[in-house]
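Undergrad: To start, I am sharing the structure in question, which I have written as structure tokens.
The values are calculated or read from the model by the stated rules, or taken from the named source; none is laboratory data. Just so you know, these numbers come straight off a predicted model, no measurement behind them. Positions of Cβ are backbone-derived with ideal geometry, glycine not excepted, and every protein chain shown enters the neighbour counts. The area values use the complete protein model at the heavy-atom level, side chains included, leaving out ligands, DNA and RNA. Shrake-Rupley method; radii C 1.70, N 1.55, O 1.52, S 1.80 Å.
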Amino acid sequence: MVEQKPIECWMTDMDGVLVREGSIVPGADTLLSRLREKGVPFLVLTNNSIHTPRDLRYRLQATGLDVPEASIWTSALATAAFLSEQRPQGSAYVIGEAGLTTALHDVGYVITDRNPDYVVLGETRTYSFSSIATAMRLVEKGSRFVATNPDATGPSPEGILPATGSVAAMISKATGVDPYFVGKPNPLMMRAALNRLGAHSESTVMIGDRMDTDILAGLEAGMRTVLVLTGITRESEIDRFPFRPSRVVPSVADLVDDV
């Protein structure tokens, strides 16, 4: 067997791992404090493209978690980095909110509905029929179709809401064109995060609460993975998947001594 390298960097999902229903997961503050105290590089990842890192930092602070902006990596940032590499200084028609539009502006993209290079779909609290129809027409005319993540639903106090994956399916059904999803479980998002940290996959661990996104993305990026049982995936569901995490723990509190 190949001896594993010591863990030098940490990545963790946010919802279901560090916070849950607007409240801190016990032990999350201790883990992040330990990482900062020891100078261990880390990133907090989220597939949600609605908020900017500054917004997310503020929201996390309200729960008692102190995470620097530079330590937050969103699917919106990953999408902007991908588009900037593929087609620098390009143009896009965007369905999304400030997290996505700000990220695209920051890499020099122009947001327009006139022959854009890309149609970029992200989350928004108010998907409009008009904007979806415009996206369909632009994709039909040849604009490349990119989506921040494949999540089909999102949570709300009233129950689930349609998210990027569901709206992407609507556009795909109408146009016959499938989007390229940048966010988890695409390992592209993880590799971009590794590059941001200057880290190597063999010495980095990914903590997540979902087998189908967090653990799969970490696995495909070559990282060690830890599934916590404070979010979506239940312990009884793990064996349904053809892959397994490196470890399964009740919560992030069980990882503090590993830092």
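Undergrad: Once the cut-off is 28 Å, how many percent of the Cα-Cα pairs in segment 11-144 end up in the long-distance tail?
TA: On the way: 2450 of 8911 pairs.
For segment 11-144, the share of Cα pairs beyond 28 Å comes to 27 percent.
Undergrad: What does the charge add up to near Leu56, with Lys and Arg as +1, Asp and Glu as -1, over the other residues with Cβ less than 15 Å from its Cβ? Spell out each step's value before the answer.
TA: On the way: positive: Arg54, Arg57, Arg59; negative: Asp13, Asp15, Asp55, Asp66, Glu69, Glu97, Glu123.
Net charge around Leu56: -4.
Undergrad: Another question about this same structure. Using protein chains only and a probe of 1.4 angstrom, how many square angstrom of Ser236 are accessible, to the nearest 10?
TA: 90
Undergrad: Taking the Cα centre of the chain as the origin, how large is its charge dipole in debye, to the nearest 20, when only Lys and Arg (+1) and Asp and Glu (-1) carry charge on their Cβ atoms?
TA: Working: 24 positive and 31 negative charges, 114 e Å.
Around 540 debye, computed over the chain.
Undergrad: Helix 75-86: angle to the longest alpha-carbon principal axis of the chain, degrees 0 to 90, nearest 10?
TA: It is inclined by approximately 60 degrees.
Undergrad: Tell me the net charge near Ala147. Cut-off is 12 Å between Cβ atoms, Ala147 excluded, with +1 for each Lys or Arg and -1 for each Asp or Glu. Show your work: numbers first, answer last.
TA: Working: positive: Arg144; negative: Glu123, Asp151, Asp178.
Its environment carries a net charge of -2.
Undergrad: Quick one: compute the contact order of segment 216-257, relative version, from alpha carbon pairs under 8 angstrom and 6+ residues apart, as a percent.
TA: Numbers: 32 pairs, mean separation 19.0, N = 42.
Taking the mean separation of contacting Cα pairs over the length of segment 216-257, I get 45 percent.
Undergrad: Express the relative contact order of segment 1-125 as a whole percentage, based on alpha carbon pairs under 8 Å and six or more residues apart in sequence.
TA: On the way: 187 pairs, mean separation 27.9, N = 125.
Relative contact order for segment 1-125 comes out at 22 percent.
Undergrad: Moving on. Report the far tail of the P(r) of segment 180-256, meaning the percent of Cα-Cα pairs longer than 14 Å. Intermediate results must be reported in sequence, preceding the final value.
TA: Working: 1687 of 2926 pairs.
Tail of the P(r) past 14 Å holds 58 percent of the pairs.
Undergrad: Continuing with the same structure: Under 8 Å for C-alpha pairs, at least 6 residues apart: give me the relative contact order for the chain, rounded to a whole percent. Before the final figure, lay out each step's value.
TA: On the way: 508 pairs, mean separation 55.4, N = 259.
Result for the chain is 21 percent.
Undergrad: Scan the chain and report its longest stretch carrying no trypsin sites (Lys or Arg not before Pro) that are both in a DSSP loop and have at most 11 other Cβ atoms within 10 Å. Don't skip to the end; give the middle numbers.
TA: On the way: sites that count: Lys38, Arg114, Arg125, Arg234.
The answer is 126-233.
Undergrad: Here's a follow-up. Any idea what angle helix 187-197 forms with the longest principal axis of the chain, computed on alpha-carbon atoms, 0 to 90 degrees, nearest 10?
TA: That helix lies at roughly 60 degrees to the long axis.
Undergrad: By a straight-distance test (C-alpha under 26 Å), which lysines pair with Lys5 as possible cross-link partners, with residues fewer than eight away in the same chain excluded?
TA: List returned: Lys38, Lys184.
Undergrad: Okay, helix-only estimate at 222 nm for the chain: each DSSP H run of n ≥ 4 adds -39500 (n - 2.57), divide by all residues, round to 500 deg cm²/dmol; what do you get?
TA: Values: 8 runs with 83 residues, N = 259.
-9500 deg cm²/dmol, from helical runs alone.
Undergrad: Which of the GluC sites (Glu not before Pro) found in segment 1-95 are loop residues per DSSP with 11 or fewer other Cβ atoms within 10 Å of their Cβ?
TA: Glu3, Glu21
Undergrad: I've got another one for you. Springs between alpha-carbon atoms under 10 Å, Gaussian network over the chain: tell me which of Pro185, Pro242, Pro53 tops the mean-square fluctuations.
TA: It is Pro242.
Undergrad: OK, next. For the chain, what does the accessible surface come to per residue with a 1.4 Å probe? Please give it in Å². Could the numbers behind the result be given before it?
TA: Details: 12670 Å² over 259 residues.
Value returned for the chain: 49 Å² of accessible area per residue.
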